[in-house]
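The values are calculated or read from the model by the stated rules, or taken from the named source; none is laboratory data. The structure displayed is predicted, hence computed values, not measured ones. All Cβ positions, even for glycine, are placed from backbone atoms using ideal geometry, and neighbour counts span all protein chains on display.
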Amino acid sequence: MTAPPAAVLADELTAALEDSVVPGRAGQEKAYLKSSLDHLGVPVPGMRAAVRGLLRRYPGLDRAAVLALAEELWARPLHETRSCAGFLLEARAQLLVPADTALLERMLEECDTWAHCDVIAPKAAGPLLLRYPETAAVLLRWSCREELWVRRGGVLGYLPAVRSPEQFPRRFGDFGRLADPLLDDPRFFVRKALGWVLREGAKHSPEEVCGWLAGRLPRVSGLTLREALRPVPQELRLRLLAPHS
């Protein structure tokens, strides 16, 4: 079956979202996220279910169709359709190629909230890094930009690679070079992202992560350090935290 145009699919998905609206949620969520977008008030499970339902109805969507639908959903100033653009790219991440980082970068530039950045970067850009090592140059470039969500996206694009015990030995050095200059960034969402990625590596490679941190303790924020050391044995964690206590 030939899929309808992207605008028709986006209308269909939006209609499905309206079936999952939770009364009173829209205003609360908009305030919590400090969002300038409109909100329907659909929880994340409802959004994911709407994306899964559409993909079941149209299982043959190819890369061009997926990208067109993601752009159509993203173009609508509605929190839920933008979220679904990210969930769609996550669900079909295996179709993406390095050239698609241009779309991901534009989405990060236009991000209104961490809630969208935190899908686009680790769930769409992250798998690209696993399959295409040259994507590391893109993530490094993102991390050098001043825009908050683009920079955070460059950091979080490393999340799947650093989380993987198999990928970690090949990717942690690149992540360290990306992260080092960002230790001086004072913004909460950058510091938190650095700690998050380091924490995932510390779950399976605590000595390597702690060694990287130990050489940079004067520059590492307490937020990054506390986040990174959560999985680390207590004795080592307390020793590294001492300068920040």
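Return yes or no: is LEU103 under 19 Å from LEU194 (Cα atoms), at pLDDT 95 or above and aliphatic (A, V, I, L, M)?
When the stated conditions are applied, LEU103 does not pass them.
Criterion first (under 24 Å from GLU109 (Cβ atoms), in contact with a helix residue (DSSP H, G or I) (Cβ under 9 Å, 6 or more places away or on another chain) and not hydroxyl-bearing (Ser, Thr, Tyr)) does GLU147 satisfy it?
Taking the combined requirement at face value, the residue satisfies it.
Residues of the range 77-104 being part of a loop (DSSP other than H, G, I, E, B) and either surrounded by fewer than 18 Cβ atoms within 10 Å (Cβ to Cβ) or of a type in the set (Phe, Trp, Tyr) (or both), which ones?
Once the filter is applied, which keeps residues that are part of a loop (DSSP other than H, G, I, E, B) and either surrounded by fewer than 18 Cβ atoms within 10 Å (Cβ to Cβ) or of a type in the set (Phe, Trp, Tyr) (or both), the range 77-104 yields PRO77, VAL97.
Those residues that are crowded, with 17+ Cβ neighbours inside 10 Å and either touching a residue at least 24 places away in the same chain (Cβ under 8 Å) or in contact with a Ser or Thr (Cβ under 6 Å, 6 or more places away or on another chain) (or both), I need them from the range 235-245; list them, please.
Selection gives LEU240 alone.
Given the range 144-234, what helices (runs of 4 or more DSSP H) lie entirely inside it while holding 1 or more residues that are without any contact (Cβ under 8 Å) to a residue 12 or more places away in the chain, closer than 22 Å to GLY126 by Cα and not assigned by TED's automatic domain parsing to the domain that holds LEU33?
168-179
Which of (1) on the phi < 0 side of the Ramachandran plot; (2) surrounded by 15 or more Cβ atoms within 10 Å (Cβ to Cβ) is the odd one out, the single condition GLY41 does not satisfy?
Every condition holds for GLY41 apart from (1).
Mind checking whether some residue in the range 115-137 is surrounded by fewer than 19 Cβ atoms within 10 Å (Cβ to Cβ) and either aromatic (Phe, Trp, Tyr) or within 11 Å of the chain's Cα centre (by Cα) (or both)?
yes
Regarding the range 149-162, can at least one residue be identified that is surrounded by fewer than 16 Cβ atoms within 10 Å (Cβ to Cβ) and out of contact with any strand residue (DSSP E or B) (no Cβ under 6 Å at 6 or more places or on another chain)?
Within the range 149-162 (the criterion being surrounded by fewer than 16 Cβ atoms within 10 Å (Cβ to Cβ) and out of contact with any strand residue (DSSP E or B) (no Cβ under 6 Å at 6 or more places or on another chain)), the answer is no, since none of the residues qualifies.
Could you list all residues from the range 1-58 that are under 22 Å from ASP112 (Cα atoms) and assigned to a loop (DSSP other than H, G, I, E, B)?
VAL21, VAL22, GLY24, LYS34, SER35, SER36, LEU37, HIS39, LEU40, GLY41, VAL42, PRO43
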